[in-house]
Amino acid sequence: VPSVLCLGDCQLQTSCRIQKCTTDFVSLTSYLNSTLEDFDLEFCKALRGYSACTYRNSKVCRGNLDYHSVVLGISDLMRQRNCSKDGPTSSTNPEFTHDPCDYSGHTEARKHQGGEKSPPPTYLFCGLFGDPHLRTFKDHFQTCKVEGAWPLIDNNYLSVQVTNVPVVPGSSATATNKITIIFKSYQDCTDQKVYQAVTDDLPAAFVDGTTSGGDGNTKSLRIVEKVSGKYVEMHARYIGTTVYIRQLGHYLTLAIRMPQELVMAYEESQDLQLCVNGCPSSERIDDSGHLPLPVMGQLIPQNGAAHPWSVYTLETATTKCHEKMLVKDIYFYSCVFDLLTTGDTNFTAAAHSALQDVEALHPRKEHWHIFPRSGGGGVGRASKFSVCLGLVCFILVAFF
């Protein structure tokens, strides 16, 4: 075929566009897999399109030897594949060979349109776990109160809302016990689908009982149950988005990866999104990532009564968290913070799983670990001491 298609240095007249016909045919057929059942059908469609292209150039290419070689080559290939001369043809624009409900294929399609090449899509990550600790799409790390229902994401394609409830009586610490996700209808890829999880009810289906969106075998949106009642994944191919939801102890965690261009597709009225803009300053427990800080007194019961968290000291909490997480990053300190606040060891598993989700979904490995910020806003080892010192202060406040 390569010799017939003249992929070498063909000396063609400038007015003869036979090489463009050949390039389009190669682009169309390069995506075909000879092992698929419909290979011959699609190959014949491409050949008929190739033949139509040569016919359109027949007058200007009449004296071109390469043109005549290509015409004969097409005829031979059509006989070999038993292709009829009449029938549907593939468009010479390769964009139409791609699944419109596959976001990852959009970039490849744009590459072959003959225009300026588009850069590969940029993906962003957001996660929520524990007390709750929030990692925004900008890789900012915060610990917030945000009691009640709050929007994590609200754009033209997806809405995610979480509900947080108090963990310890008399404390401002909260954790997530409900997650609602709305996948908005999109072209012919999926109708609107709503998913809802609450504590002790983590379904493997949407609220309408279905487990996927899209027609036939497309499965442009689907739910995959990884651990019954404890861990589900949602894959939305049409918007290039993946969502993980877990239940650890009595509370839920969430992690999501989404293309940047879709994350930013929202109206001005939708600006309250924790994943995009972080928590309001009035809802912050931390200060630039330091845990806990002067506001930690709010975490102590007003009546001074003992709570389960008092069984942990800084040393025992640190040891417990170090069993799961060897790197003393912000996830490690969040684990220590949650143990001292609640005494619930499930928060250790939540911090560890949150880091695993980062490693699975975050596109940039060098950004997986976040370390507490120093006073100047940089990232450094010295800031770790500040966090530990704050935890010591937490213990002292508890006993005085």
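The values are calculated or read from the model by the stated rules, or taken from the named source; none is laboratory data. Owing to the predicted nature of the structure, the values given are computational and were not obtained by experimental measurement. Cβ atoms come from the backbone with ideal geometry, glycine included; neighbour counts cover every protein chain shown. Side chains are part of the model used for accessible areas, which takes the heavy atoms of the whole protein and leaves out ligands, DNA and RNA. Shrake-Rupley method; radii C 1.70, N 1.55, O 1.52, S 1.80 Å.
I'm told residue 394 meets every condition in (1) within 25 Å of residue 177 (Cβ to Cβ); (2) modelled with pLDDT of 90 or more except one. Can you identify the failing condition by its number?
Here residue 394 clears every test but (2).
Output the number of residues of the stretch 322-338 satisfying the condition of being assigned to a helix (DSSP H, G or I) and closer than 19 Å to residue 134 by Cβ.
Qualifying residue count for the region: 9.
Take the residues in the stretch 251-280 that are at pLDDT 90 or above and assigned to a helix (DSSP H, G or I); name whichever of them is most open to solvent (accessible area, probe 1.4 Å).
In this case the residue turns out to be 261.
Would it be correct to say that residue 207 is more than 20 Å from the chain's Cα centre (by Cα) and within 17 Å of residue 246 (Cα to Cα)?
Taking the combined requirement at face value, the residue does not satisfy it.
Over 18 Å from the mean Cα position of the chain (by Cα), of a type in the set (Gly, Ala, Ser) and assigned by the TED database to the domain that holds residue 133: is that true of residue 149 in this structure?
So residue 149 fits the description; yes.
What are the residues in the stretch 171-201 that are free of Cβ contacts under 8 Å to residues at least 60 places away in the same chain, under 22 Å from residue 250 (Cα atoms) and assigned to a loop (DSSP other than H, G, I, E, B), if any?
199, 200
Taking the stretch 190-205, which residues are touching a Ser or Thr at 6+ places or on another chain (Cβ under 6 Å) and small (Gly, Ala, Ser)?
The answer is 205, and nothing else.
Condition first: more than 22 Å from residue 353 (Cβ to Cβ) and assigned by the TED database to the domain that holds residue 341. Can you find one or more residues in the stretch 244-259 that meet it? Lay out the reasoning, then the answer.
In the first step, residues of the stretch 244-259 are kept if they are more than 22 Å from residue 353 (Cβ to Cβ); the result is 259.
Cutting the leftovers down to assigned by the TED database to the domain that holds residue 341 gives us 259.
Yes; the residues of the stretch 244-259 include at least one that is more than 22 Å from residue 353 (Cβ to Cβ) and assigned by the TED database to the domain that holds residue 341.
Going through the stretch 216-246 one residue at a time, which ones are open to solvent by less than 10 Å² (accessible area, probe 1.4 Å), under 12 Å from residue 201 (Cα atoms) and either in contact (Cβ under 8 Å) with a residue 40 or more places away in the chain or in contact with a helix residue (DSSP H, G or I) (Cβ under 8 Å, 6 or more places away or on another chain) (or both)?
If the condition is that a residue be open to solvent by less than 10 Å² (accessible area, probe 1.4 Å), under 12 Å from residue 201 (Cα atoms) and either in contact (Cβ under 8 Å) with a residue 40 or more places away in the chain or in contact with a helix residue (DSSP H, G or I) (Cβ under 8 Å, 6 or more places away or on another chain) (or both), then 245 is the only one that fits.
For the stretch 26-75, what are the residues that are among the aromatic types (Phe, Trp, Tyr) and touching a residue at least 40 places away in the same chain (Cβ under 8 Å)?
Filtering the stretch 26-75 down to residues among the aromatic types (Phe, Trp, Tyr) leaves 31, 39, 43, 50, 55, 67.
Selection gives 31, 43, 67.
Okay, residues lined up against (1) crowded, with 19+ Cβ neighbours inside 10 Å; (2) in contact (Cβ under 8 Å) with a residue 60 or more places away in the chain; (3) in the same structural domain as residue 137 (by the TED database); (4) more than 28 Å from residue 226 (Cα to Cα):
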{"residue": "320", "(1), (2), (3), (4)": "no, no, yes, no"}
{"residue": "324", "(1), (2), (3), (4)": "no, no, yes, no"}
{"residue": "328", "(1), (2), (3), (4)": "yes, no, yes, yes"}
{"residue": "338", "(1), (2), (3), (4)": "yes, yes, yes, no"}
{"residue": "349", "(1), (2), (3), (4)": "no, yes, yes, no"}
{"residue": "354", "(1), (2), (3), (4)": "yes, yes, yes, no"}
{"residue": "357", "(1), (2), (3), (4)": "yes, yes, yes, no"}
{"residue": "363", "(1), (2), (3), (4)": "no, yes, yes, no"}
